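The values are calculated or read from the model by the stated rules, or taken from the named source; none is laboratory data. Model, not experiment: these values are computed from the prediction. Neighbour counts are summed over all protein chains in view; Cβ atoms, including those assigned to glycine, are modelled from backbone coordinates with ideal geometry.
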Amino acid sequence: MVLKAFFPTCCASADSGLLVGRWVPEQSSAVVLAVVHFPFIPIQVKELLAQVQQASQVGVTVLGTWCHRRQEPEESLGHFLEGLGAIFSHKPWFQLCRERGSKSWSCKATHWQGPTSHAASGEDQVMLIFYDQRKVLLSQLHPPAVLPDRQAGDTTASAGGLAAVFDTVARSEALFQSDRFDEGPVRLSHWQSEGVEASILVELAKWAAGPVCLLLACLLSLVSAASACRVFKLWPLSFIWSKLSTCEQLRHRLEQLTLIFSTRKAKNPAQLMRKANMLVSVLLDVALGLMLLSWLHRKDLIGQLADALIPVADHVAEELQHLLQWLMGAPAGLKMNRALDQVLGRFFLYHIHLWISYIHLMSPFIERILWHVGLSACLGLTVALSILSDIIALLTFHIYCFYVYGARLYCLKIHGLSSLWRLFRGKKWNVLRQRVDSCSYDLDQLFIGTLLFTILVFLLPTTALYYLVFTLLRLLVVTVQGLIHLLVDLINSLPLYSLGLRLCRPYRLAAGVKFRVLEHETGRPLRLLMQINPLPYSRVVHTYRLPTCGCHPKHSWGSLCRKLFFGELIYPWRQRGDKQD
Amino acid sequence: MEDEQSFSDICGGRLALQRRCYSPSCLEFCLSCPRITLRSLTAVTCTVWLAAYGLFTLCENSMILSAAIFITLLGLLGYLHFVKIDHETLLIIDSLGIQMTSSYASGKESTTFIEMGEVKDVVINEAIYMQKVIYYLCILLKDPVEPHGISQVVPLFQSAKPRLDCLIEVYRSCQDILAHQKATSTSP
């Protein structure tokens, strides 16, 4: 039977001593955590292990002996090492041995039968697996293996053997706290035995984080309380707030900031990553916003924009007027119903005239408004983009109105047509039974119905054309707004901290492990090197992606086409709390 | 101990199977795929450049030629780094697991390791691939919920696509180790 011994690479050059670690019987593997050097007093070693076991809930015991010697083994040392097996009884008892300066290792595991039996105690083959203790300590396996009981003992249920190794090393931090400069009774060798490393900046940041978080949490709670006050819940304001995507974005950012600066500690690594991702996302957003602001101010683009806005709006209105004149004539060679055409065309032209007057009324204030709006870019690039999207929506409000008029008209016409078509065939819609039933109509009903049907059919091309043109315009505006929203969502949801971690410290996010067979000589035990297999970038984004506002289209392509055909109004995205129309 | 044999893949290309036995409980199979030939590389480059030159004579814009060179270089790099697999390795370690490594022509390696506890069996399966019926070696993974069920089928040597004779070699050695593993795992 092959036993596995996980040995840390940092202890491969340590002096002789005792192997300390955890034995996992289900996987027949021993995870060596540290080496205790001579001289030591067995009682003190046992005390230290009991302390560590209590602190970390990991069943740490003495697993065997480690011998790092020069040339031939001395007989006395060999007997001494075997004698230790009697003091720290552990089944199986490992004896690892390495010649100094060479790569030949030897190890055997014996089942100590007791001093009375002189028959050869069973020996098993051992496989040595080297692992980098620091990397295994810091890394996190994805998907996180759910290890059931965190009690003292070796309960590992059916969690994979390697997840148990990672878990053991991660939980044994208490063992790695002492280094060789300590004056303790027991001398240990592990990855931190050369001295515990820490960074001054990190420590200072940790000290400063407490009061700063408290202060910011208070400020943020004031802001949220102010925004939740009653004034904003009155009807006109609440309606406007719900329609503007800027408010949605600001609310989202406020929630994120509240979460980041909350004084509660993160409960598990996933929450910590989420907080870190949010913080980096907010910082990047603000940095990009400030860059945009500086670029706008350097070239005085705001002034130019304000000067260009009115002519652009005028130009758009003129183009729309040309379009309507074209529709009122013979568009694409089609012959329209002159009367209806003139009515609709004149109605829409008057609407444009009203809109242009409104824009000209606003023109003195445009520059100041734009300047204040430009200032909002220091809250973040996403806020600036949301404001841009809202400005586009406001400037193309007349297109939206035209679309609604055209759609309603078309919808009425379609419903009328379908109902009169049923009358034409002698059927009617039974509201009680929700189905089409036959019905006997009077002659005058049939006459009027057929007349109306004919009228509607011949007026259909005109209405349909207006509907088509304005729907296309509306879809164009919706597409532009959709692209802006997509960009905002991308900035909101990209987990930049996780991606940076995967780039710079790939061992922190582990998808699994990989093994490499080291130089092998016959007669010697098999030696493997266990390395961490990092998570691929796509899985990093998928696992750690931040939740966004959730404003994405709810229609499938089929339902969208159906709605367009029947003239029902389409709302490409719904904000939270919107009712269906 | 090392062993090298020559086989062919389903299209007739030459494959080399290298078998290394580190110990009775650890085996490694390395299957090398046919290399990228100078002829195919020259053919692709010439086609792309001829097409670009044809476009250039139509449009009289020299950007097309530089764009063609750029595209050829990027395409070659992308192909070597993401598409062309140089050799595939299968490492079986008794009581630890099975590891599959694909090494790309640019040196990139992508590794997957499956623990022995998840492996139900290693079998040779038949599949319909385009217009052929081929054999492939695959690992069956245990279903955590149902004891006799299979949760996933992981095919091996997907780019090399060796024929049945090569697969039988690998299959026999895998089964030896799996049988040994099952025998020792059931005994206390």
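Some notes on this structure:
- Positions within region A:228-256 being more than 21 Å from residue A:385 (Cβ to Cβ) and part of a helix (DSSP H, G or I), in sequence order: A:230, A:231, A:232, A:233, A:235, A:236, A:237, A:238, A:239
- Every condition in (1) more than 14 Å from every other protein chain (Cβ to nearest Cβ); (2) surrounded by 17 or more Cβ atoms within 10 Å (Cβ to Cβ) holds for residue B:142 except the one numbered (1).
- Pairing each residue of region A:499-519 that is facing chain B (nearest Cβ under 10 Å) with any residue that is assigned to a loop (DSSP other than H, G, I, E, B) and crowded, with 20+ Cβ neighbours inside 10 Å, provided the two are 6+ apart or on different chains, yields C-beta distances under 8 Å for A:511/A:535; A:515/B:96; A:517/A:526.
- Pick from region A:528-540, criterion more than 16 Å from residue B:98 (Cα to Cα) and not in a helix (DSSP H, G or I), ranking: nearest to the other protein chains (Cβ to nearest Cβ): A:536
- Taking residues in region B:98-122 that are more than 9 Å from chain A (Cβ to nearest Cβ), and partners anywhere that are of a type in the set (Phe, Trp, Tyr), the pairs with Cβ atoms closer than 9 Å and at least 6 places apart or on different chains are B:98/B:113; B:100/B:113; B:100/B:157; B:104/B:82; B:105/B:79; B:106/B:82; B:108/B:82; B:122/B:171.
- Some residue of region A:234-256 being under 25 Å from the mean Cα position of the chain (by Cα), closer than 30 Å to residue A:143 by Cβ and surrounded by fewer than 17 Cβ atoms within 10 Å (Cβ to Cβ): yes
- Hits in region A:1-27 (condition: within 14 Å of chain B (Cβ to nearest Cβ) and either part of a helix (DSSP H, G or I) or surrounded by 19 or more Cβ atoms within 10 Å (Cβ to Cβ) (or both)): A:2, A:3, A:4, A:5, A:6, A:24, A:27
- Candidate set: region B:14-34, residues that are more than 15 Å from the chain's Cα centre (by Cα) and in a strand (DSSP E or B); chosen: the one farthest from the other protein chains (Cβ to nearest Cβ): B:19
- Filtered by the rule that a residue be touching an Asp or Glu at 6+ places or on another chain (Cβ under 8 Å) and loosely packed, with under 15 Cβ neighbours inside 10 Å, region A:396-424 gives no residues.
- Region B:22-35, residues that are touching a residue at least 12 places away in the same chain (Cβ under 8 Å) and touching a Leu at 6+ places or on another chain (Cβ under 8 Å): B:25, B:26, B:27, B:28, B:29, B:30, B:31, B:32, B:33, B:34
Okay, residues lined up against (1) small (Gly, Ala, Ser); (2) over 18 Å from residue A:378 (Cα atoms):
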position: A:193; (1), (2): yes, yes
position: A:214; (1), (2): no, yes
position: A:224; (1), (2): yes, yes
position: A:238; (1), (2): yes, yes
position: A:242; (1), (2): yes, yes
position: A:250; (1), (2): no, no
position: A:262; (1), (2): yes, yes
position: A:273; (1), (2): no, yes
position: A:287; (1), (2): yes, no
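- The C-beta contact set for region A:400-417 (first residue among the small types (Gly, Ala, Ser), second residue in a helix (DSSP H, G or I), distance under 6 angstrom, 6+ apart or interchain) comprises A:406/A:466; A:406/A:467; A:406/A:470; A:416/A:456.
- Checklist (1) among the aromatic types (Phe, Trp, Tyr); (2) at pLDDT below 90; (3) under 15 Å from residue A:344 (Cα atoms) applied to residue A:424, failing item: (3)
- When residue A:98 is tested against the conditions (1) away from chain B (no Cβ under 14 Å); (2) within 26 Å of residue B:116 (Cα to Cα), the lone failure is (2).
- In this structure, residue A:198 qualifies as more than 21 Å from residue A:268 (Cα to Cα) and modelled with pLDDT of 80 or more.
- Among the residues of region A:164-205, those that are in contact with a Leu (Cβ under 6 Å, 6 or more places away or on another chain) and either within 14 Å of chain B (Cβ to nearest Cβ) or touching a residue at least 40 places away in the same chain (Cβ under 8 Å) (or both) comprise A:166, A:169, A:172, A:175, A:186.
- For region A:450-466, a residue qualifies if it is touching a residue at least 40 places away in the same chain (Cβ under 8 Å) and either out of contact with any Gly (no Cβ under 8 Å at 6 or more places or on another chain) or charged (D, E, K, R) (or both), and the qualifying residues are A:457, A:458, A:459, A:460, A:461, A:462, A:464, A:465.
- Region A:460-482, residues that are crowded, with 18+ Cβ neighbours inside 10 Å and over 19 Å from residue A:351 (Cβ atoms): A:478, A:481
- The set of residues in region B:148-167 that are surrounded by 14 or more Cβ atoms within 10 Å (Cβ to Cβ) and either in a helix (DSSP H, G or I) or of a type in the set (Lys, Arg) (or both) comprises B:161, B:163, B:164, B:166, B:167.
- Condition check for residue A:524: surrounded by 12 or more Cβ atoms within 10 Å (Cβ to Cβ), modelled with pLDDT under 90 and either more than 27 Å from the chain's Cα centre (by Cα) or within 13 Å of chain B (Cβ to nearest Cβ) (or both): yes
- Within region A:277-307, tally of residues that are small (Gly, Ala, Ser), at pLDDT 90 or above and crowded, with 16+ Cβ neighbours inside 10 Å: 2
- Entirely in region A:337-452, the helices (runs of 4 or more DSSP H) that have 3 or more residues that are polar (S, T, N, Q), over 30 Å from residue A:282 (Cβ atoms) and over 42 Å from the mean Cα position of the chain (by Cα): A:338-375
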